[in-house]
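Please treat every number below as a calculation from the coordinates, not as lab data. Since the model is a prediction, treat every value here as computed from it, not as a measurement. All Cβ positions, glycine included, derive from the backbone under ideal geometry; neighbour counts span all protein chains shown.
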Ligand code: MN
């Protein structure tokens, strides 16, 4: 696992002046995205965020500044998707990180050559960072699982397997879009509790889910397991994920085989992928309450106990159509933290592959809704409105139980810690359109 090294040094500054003191993209971060100039027909290629700028990797590789593994990885990062880069593995990606950090640091001899490789983020548009080869969504917040369970099954909120098995379901990658995604309100089957037969109509209880996504790096073959001690090496990086959810469709369809059409009409991710290496300073001890069952041996390692958890502050905002018309800023709905997760990313990767299921560079694992222990740390409207029973009153006087057409949801994620430079994931933005009838 990548530990803290010179690329995280708080004293390191960049010749890209906007990076120094930047709340999201200082030189200690260096996340990847796929971009091109907005409104152009230019080619999509990889870029690295540095302050307000993007380092255009397609131009960087032509300069031949790097050698060996760093140049191999830089060439992969210049492609129109990051799958090849992801598949090179953690060691090679660390080499590229060091090379990029040196090239962008104040004392770099490459400054004048690289100044011609910068594109302003304000001039860019983004594509999905990779071809999302497969998508699995987990359920790692015990606070979310308990709150949702008590709404769907008041007498039996947390099922007995929850504390033993990382619960997940296989989603669809076909409806995953990058920040800026819009989608029609889903239509489907729902059944009111007192009705004998279901209705077929637009979803009435449309929700968001505040999640993080984990991108798989180096893949595996059929039959090969990823040992927990090695799982972190198979994680390329993380993004913010909004797993839009149709609660009324979900309630009617989810038993006995789990979520299906309630979940696969749209999922939106942030354009920037923050690498596992960049997250090293924000790792924490992972432990369970003594009264809870401890994870089985195959989900336990010294490294996971010492560093498996991640301190990532998460926040969620709404901007309604009326707020947009009145040019009012988005309003915060809740704030939470990834550190409350009941399972770590390494445990998710190990569990996913324990039966021999192959993992592929570009596979996306959703964390599940990241609700914290307090009521105002809920990562969905289902929880914030107690299943739609308690309306939220917004600052402009509008009320919400669930999302209305024209609502935009914005999610942000940020890491800070004493002795480290803060880094951010940027944001993920998505908007609900009227149903297509
Ligand atoms: Mn979810």
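Side notes on the structure shown:
- Spatial separation of Cα centroids for the stretch 98-167 and the stretch 364-437, in angstrom: 15
- Take the Cα of residue 436, step 7 Å toward its Cβ, do the same at residue 339, and the gap between the two points is 4.4 nm.
- Least to most buried among 339, 192 (fewest other Cβ within 10 Å first): 192, 339
- For the stretch 8-57, a Kirkwood hydrodynamic radius built from all Cα pairs, placed in the Stokes-Einstein relation at 4 °C and 1.567 mPa s, yields a translational diffusion coefficient of 112 µm²/s.
- Normalised contact order of the stretch 135-433, rounded percent, pairs of Cα under 8 Å and 6 or more residues apart: 27
- Residues residue 151 and residue 393, FRET efficiency given R0 of 22 Å [Cβ-Cβ distance, rounded to 0.05]: 0.55
- Between 213, 149, 237, the GNM of the chain built on Cα springs shorter than 10 angstrom shows 149 fluctuating the most.
- In the chain, helical runs assigned H by DSSP with n ≥ 4 each contribute -39500 (n - 2.57); averaged across all residues and rounded to the nearest 500, the mean residue ellipticity at 222 nm is -5000 deg cm²/dmol.
- Against the chain, whose longest principal axis comes from its Cα atoms, helix 68-77 is set at around 40 degrees.
- The gain in end-to-end length when the residue 201 to residue 420 segment is fully stretched comes to 73.8 nm, 0.36 nm per residue minus the alpha carbon separation.
- Taking 7 Å steps out from each Cα toward its Cβ at residue 9 and residue 43 produces label points 3.5 nm apart.
- Contact order for the stretch 1-105, expressed relative to its length and based on alpha carbon pairs under 8 Å spaced 6+ residues apart, stands at 26 percent.
- Rounded, prolate or oblate (a/c below 1.5 giving rounded, otherwise prolate when a/b exceeds b/c) for the stretch 16-127 by Cα gyration tensor: rounded
- Prolate/oblate/rounded call for the stretch 241-356, Cα gyration tensor, a/c under 1.5 rounded: oblate
- Modelled this way, with points 7 Å down the Cα-to-C-beta line, the labels at residue 113 and residue 296 are 5.2 nm from one another.
- Separation between Cα centres of the stretch 327-342 and the stretch 278-324, rounded to whole Å: 15
- For the stretch 135-433: rounded, prolate or oblate by the Cα gyration tensor [a/c cutoff 1.5]: prolate
- Note on 234, 22, 170, 340: ascending count of other Cβ atoms within 10 Å places them as 170, 340, 22, 234, the fewest first.
- Which of 279, 296, 437 has the fewest Cβ neighbours within 10 Å, and the rest in rising order: 437, 296, 279
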